[in-house]
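What follows is a set of notes on a single structure, which appears directly below.
The values are calculated or read from the model by the stated rules, or taken from the named source; none is laboratory data. In this text, all values refer to a predicted model and were calculated from it rather than measured experimentally. FYI the Cβ positions are ideal-geometry reconstructions off the backbone, even for glycines, and counts take in every protein chain you see. Please note that ligands, DNA and RNA were not included when accessible areas were found on the heavy atoms of the full protein model with its side chains. Shrake-Rupley method; radii C 1.70, N 1.55, O 1.52, S 1.80 Å.
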Amino acid sequence: MLSPSAPPSEPTPPPPPPGTVERWAWDYVLSVDLAHKLDPPPVPSVWESDAAPAPPRRIARPGRPAGLQISARAQKSPGPEALRNPARRAQLFHAFLHHELQAAELMAWALLAFPETPRAFRGGLVHIALDEVRHMRLYADYLAAIGHHFGDFPVRDWFWSRVPAAASPAQFVAVMGMGLEGGNLDHTARFAERFRAIGDAEGAALTERVCAEEIPHVRFGVRWFRRFTQAGAGAGQTPLPGSSERPPPGSSDFDVWVRHIPPPLSPLLMRGDPMNRRDRSRSGLSEPFLDALASWTERAPGS
């Protein structure tokens with residue numbers, strides 16, 4: 001086990017001014033208070049960028065509450081029959097909660113890392129972060145009902161070890177919105193079926209609710225990925241931030257998406273089995289994209 005994380009010691013820019021949205025995001029990522037993570041203060045209405053351009057702030061790693069054990073390796077996910085054991089079910093929901101925590105923090109991270117993006121994009125990140133916080137509380141309530149609490153099991157900051165490699169907003173939404181949250185549509189649907197099969201109707205309903213509420217998050221990622229990568233394709237248009245690489249003629253959304261995933265990540269890590277095509281389609285992903293994702297292999301990217 002690794003000891004609980006503290007705020008990063010690496011040099012970072014000065015924090016944003018108090019009372020701004022940017023400072024709210026900064027404080028959320030770096031807080032080591034579990035209560036703050038589960039119930040942050042209201043988001044201010046003032047943006048630092050209202051007064052002057054905000055500098056990019058790329059936080060290296062988040063603050064972690066004392067007592068939360070950080071593991072270098074992921075625990076094996078329990079199989080369908082193992083889920084009949086309440087402790088194994090609690091372990092899984094504990095992991096779900098931690099995934100939501102990392103997602104909320106990384107939405108705040110992106111807001112700080114890419115201050116040059118449109119206000120509508122950054123405001124959308126705040127909205128999604130608050131959704132993820134609400135999901136955390138739902139999972140925490142479920143855990144409490146079966147006699148467990150956040151911190152009872154080790155967690156792995158896997159998202160944090162990968163997502164900050166995104167060098168542009170296009171890469172961020174490719175990884176986080178279309179990739180990891182898209183994959184979560186597969187995982188939540190699969191586990192909802194498993195919970196219902198063992199008679200855990202509450203767990204199944206909760207997982208299905210989170211799945212339904214993640215669809216707009218993936219849709220947000222799809223919409224902004226297309227804006228960031230396609231802006232400037234028309235004559236006289238000014239490219240948006242993150243859109244320096246124009247899609248080659250004839251390339252598909254899937255081809256462009258694969259090129260925006262920073263290594264060592266790959267589509268294989270963002271595809272569940274079975275793939276939840278229905279909800280992925282509802283999020284705005286095309287059938288050709290889903291066909292390409294379903295058939296993608298490491299040796300044949302974009303084929």
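A few remarks follow.
- Breaking point among (1) under 20 Å from L180 (Cα atoms); (2) in contact with a Pro (Cβ under 7 Å, 6 or more places away or on another chain), for P56: (1)
- Residues that are part of a helix (DSSP H, G or I) and open to solvent by less than 10 Å² (accessible area, probe 1.4 Å), drawn from the range 78-91: L83, A90
- Test: residue in the range 166-183 that is of a type in the set (V, I, T) and closer than 23 Å to D253 by Cβ: yes
- Residues of the range 258-287 classified as of a type outside the set (D, E) and open to solvent by 70 Å² or more (accessible area, probe 1.4 Å), total: 8
- In the condition set (1) among the basic types (K, R); (2) over 19 Å from V126 (Cα atoms); (3) open to solvent by 50 Å² or more (accessible area, probe 1.4 Å), R64 is compliant with all but (3).
- When the range 208-239 is filtered for residues that are hydrophobic (A, V, I, L, M, F, W, C), buried (at least 16 other Cβ atoms within 10 Å of the Cβ) and modelled with pLDDT of 95 or more, the ones remaining, listed by number, are V210, C211, I215, V218, F220, V222, W224, F225, F228.
- Tallying residues that are open to solvent by 20 Å² or more (accessible area, probe 1.4 Å), in contact (Cβ under 8 Å) with a residue 60 or more places away in the chain and part of a helix (DSSP H, G or I) within the range 161-183 yields 5.
- The range 2-23 - residue that is in contact with a helix residue (DSSP H, G or I) (Cβ under 8 Å, 6 or more places away or on another chain) and at pLDDT 95 or above and, of those, farthest from A110 (Cα to Cα): P17
- Exactly one residue out of A66, A140 is modelled with pLDDT under 95 and either part of a loop (DSSP other than H, G, I, E, B) or hydrophobic (A, V, I, L, M, F, W, C) (or both), and it is A66.
- Of all residues in the range 21-61 being among the acidic types (D, E) and in a helix (DSSP H, G or I), the one that is least open to solvent (accessible area, probe 1.4 Å): E22
- Here T117 fulfils each of the conditions (1) in a loop (DSSP other than H, G, I, E, B); (2) modelled with pLDDT under 95; (3) open to solvent by less than 50 Å² (accessible area, probe 1.4 Å); (4) not aromatic (F, W, Y) apart from (2).
- Tally, over the range 185-201, of residues that are open to solvent by 40 Å² or more (accessible area, probe 1.4 Å) and in contact (Cβ under 8 Å) with a residue 60 or more places away in the chain: 4
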